[in-house]
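In what follows, a single structure is set out as structure tokens and then discussed.
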Amino acid sequence: MDSRYTIHQTKLPNNELIQCYCEAVRYGCDPYFIRILADTITDRGLAIPELSPERQY
């Protein structure tokens, strides 16, 4: 089953959402969690940050 979840804006403001996404990628968090963050960023009309290789480590 392919469900799609997003995070409500009152629970995580845009700036914190972007920061959370960057940190999740950087620390190699669960890919499903990263997908939820990415879907939320997209749904809010924001751009998913391009992370450079040196920023991921």
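The values are calculated or read from the model by the stated rules, or taken from the named source; none is laboratory data. Being a predicted model, the structure only gives us computed values, none of them experimental. Positions of Cβ are backbone-derived with ideal geometry, glycine not excepted, and every protein chain shown enters the neighbour counts. These accessible areas exclude ligands, DNA and RNA; they are computed on the full protein's heavy atoms, side chains included. Shrake-Rupley method; radii C 1.70, N 1.55, O 1.52, S 1.80 Å.
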- Looking at this structure, is THR6 assigned to a loop (DSSP other than H, G, I, E, B), within 11 Å of the chain's Cα centre (by Cα) and at pLDDT below 95? yes
- List every residue pair whose Cβ atoms lie under 6 Å apart, where the two residues are 6 or more positions apart in sequence or sit on different chains, the first residue falls within the range 25-51 and is assigned to a helix (DSSP H, G or I) and open to solvent by less than 70 Å² (accessible area, probe 1.4 Å), and the second residue, located anywhere, is of a type in the set (Phe, Trp, Tyr) and at pLDDT 95 or above. LEU37/TYR21
